[in-house]
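Report on one structure; see the data block that follows.
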Amino acid sequence: MYAKVPQLVFNNRMVMIMKLMKNQRLLPIAMLGYLFVLGLDTGGLQKILLEIAEEYELSYVKMSGLVTAKCTANFICILIFGPVSDKVGKKRILLGAAAVFAAGCLMAAGSSSFEMMAAAIVLIGMAFGVCEGLSSALLADVFPQKREQILTLSQGMYSCGAVLGPFLSSIFMKYTPGGWRTEFGVLAFLMVGMAGLLWTAKIPITSGLKNTGENNSANSKDKGGNYKMTLAVVAVLFGAMLLYSGMENGLGYFMDTIFDRGYGAAELSAFAISGMWLAMLISRMICATAKNGQERIVFSALIACTVISAGLLHAENEKIALLLCILAGAAFGPVWPMLIGFAMREMPECSGTVTSWMAASSAIGASVFPLFMGKAADYWNNEKYAVGIFVMISMAAAGMFGLYKMMIRRGMRDERGA
């Protein structure tokens, strides 16, 4: 019976996909394709990062510095081009971002020095945040009545790519002359293909706010007197997203190092990375069917992350560590899309801007905390200390989201009192 649950959820998701694509076919395919390619990039880089570090003889700090450089470029660009896209159109920005992403991948594929590789990673990061944030925002604009479902679906496609990424990277490294460089060439080719689909796709003139103008006006009036409180709630969600992203990326980018240098089991790292993303995918699809209690789901997931990270810190062998990494993926699953959904629910009249803020927060967390983990591993010359940072981030994330729950309950009491 329980074995059929993922299949039933998958079938329900497929029915939803077909309904969404009935009138708008190319646009959802292109945007979900964008996110799938980004997932391939994330999962693949998590697998090949150690190979890159060994080829260029990088320390833990320099290795994690590549991730930091990518994510820093990510959040700077999404903060700039998110508002710009509202004026010139998301489609134009997404086409330009695809070109930059492909250029960065080709540069990485042809890199001959650490400096050239770092520059390529920065280019990829510049495009990554724009592609992830605006593709999700565009889907939410075009399908406003299915906003939460489409956000979950889009992150599901991202997870699919991240599941396949490590295995494809392993195949490229083992069977192609280019080794890890082959992956970047494939990513460039796929992104250009998705951009071609987007180029031919038609975007409705009336989308996003125009489709839900009445509801948004009502929401704006209802929240007009509590605008400062609304901003405070969104700020707390911003902090929770920053910490969550630090957890997800910190663990993901150090997983290969943990299994290789911590347990001497490099052959398990691809299974750990893909297992984490597969568990995340299944978790997202199952949690997407929940009609209420989303706050309880996220809080429970963050508490689970704290317990799992503490277990990983004390894991005695690689098999236990592998199981814990997969469980971490299951706990990660619902957090990202639901945090985005909570923020958009607070400010539905400017969903595009809120999505950009949250995507930027995610990128900041992904850029800062892997660097902290790298510094800890370098300072004590032991990757276990990187996992210790993961434990502290998990505790902080659970505390931050607990604060959000308290603010929401207080707001509900105030409304009843009024």
**Fill in**
Scanning the stretch 104-140 for residues that are among the β-branched types (Val, Ile, Thr) and in contact with an Asp or Glu (Cβ under 9 Å, 6 or more places away or on another chain) gives Ile124
**Prompt:** Taking the stretch 245-261 only, how many residues are over 14 Å from the mean Cα position of the chain (by Cα) and surrounded by 20 or more Cβ atoms within 10 Å (Cβ to Cβ)?
**Reply:** 6
**Prompt:** Going through the stretch 56-87 one residue at a time, which ones are outside any helix (DSSP H, G or I) and in contact with an Asp or Glu (Cβ under 7 Å, 6 or more places away or on another chain)?
**Reply:** Ser59
**Request:** Select, from Ser356, Ser361, Ser367, the only residue that is open to solvent by less than 10 Å² (accessible area, probe 1.4 Å), over 24 Å from Ser64 (Cα atoms), touching a helix residue (DSSP H, G or I) at 6+ places or on another chain (Cβ under 9 Å) and in a helix (DSSP H, G or I).
**Result:** Ser356
**Message:** Pairs please, first residue from the stretch 30-57 and free of Cβ contacts under 8 Å to residues at least 40 places away in the same chain, second anywhere and part of a helix (DSSP H, G or I), Cβ atoms under 7 Å, 6+ apart in sequence or on different chains.
**Reply:** Ala53/Met63
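Residue-by-condition table, conditions (1) without any contact (Cβ under 8 Å) to a residue 24 or more places away in the chain; (2) over 23 Å from Tyr56 (Cβ atoms):
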site	(1), (2)
Lys87	yes, yes
Leu95	no, yes
Cys105	no, no
Met117	no, no
Ser136	no, yes
Thr152	no, yes
Met157	no, yes
Gly161	no, yes
Met173	no, no
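Among the residues of the stretch 263-290, what is the count of those that are farther than 21 Å from Glu316 by Cα and either of a type in the set (Asp, Glu) or open to solvent by less than 20 Å² (accessible area, probe 1.4 Å) (or both)? Steps first, answer last, please.
Taking the stretch 263-290 and keeping what is farther than 21 Å from Glu316 by Cα, we get 274, 277-290.
Narrowing the set further to residues that are either of a type in the set (Asp, Glu) or open to solvent by less than 20 Å² (accessible area, probe 1.4 Å) (or both) leaves 274, 277, 279-280, 283-284.
Number of matching residues: 6.
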**Complete:** Given the conditions (1) surrounded by fewer than 22 Cβ atoms within 10 Å (Cβ to Cβ); (2) modelled with pLDDT of 90 or more; (3) within 30 Å of Lys87 (Cα to Cα), every one holds for Leu198 apart from (1)
**Prompt:** Taking only pairs six or more apart or across chains, which ones have beta-carbon atoms under 8 Å, a first residue in the stretch 294-305 that is buried (at least 19 other Cβ atoms within 10 Å of the Cβ), and a second residue that is β-branched (Val, Ile, Thr)?
**Reply:** Val298/Val335; Ala301/Val335; Leu302/Val335
**Prompt:** Among the residues of the stretch 201-244, how many are within 22 Å of Trp357 (Cα to Cα) and modelled with pLDDT of 50 or more?
**Reply:** 19
**Asked** If you go through the stretch 379-388 one residue at a time, do you hit one that is open to solvent by 10 Å² or more (accessible area, probe 1.4 Å), modelled with pLDDT of 75 or more and more than 18 Å from Ala232 (Cα to Cα)?
**Response** yes
**Asked** Name the residues in the stretch 36-58 that are polar (S, T, N, Q) and closer than 11 Å to Leu187 by Cβ, would you?
**Response** Thr42
**Complete:** Conditions (1) in contact with a Lys or Arg (Cβ under 7 Å, 6 or more places away or on another chain); (2) more than 29 Å from Ala201 (Cα to Cα) -> Gly156 fails only (2)
**Asked** Restricting the stretch 51-65 to residues that are buried (at least 22 other Cβ atoms within 10 Å of the Cβ) and within 21 Å of the chain's Cα centre (by Cα), which is modelled with the highest pLDDT?
**Response** Met63
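The values are calculated or read from the model by the stated rules, or taken from the named source; none is laboratory data. Since we're looking at a predicted model, the values are computed, not measured. Note that we place each Cβ from the backbone using ideal geometry, even for glycine, and neighbour counts take in every protein chain shown. Note: accessible area is taken over every heavy atom of the protein model, side chains too, but ligands, DNA and RNA are not part of it. Shrake-Rupley method; radii C 1.70, N 1.55, O 1.52, S 1.80 Å.
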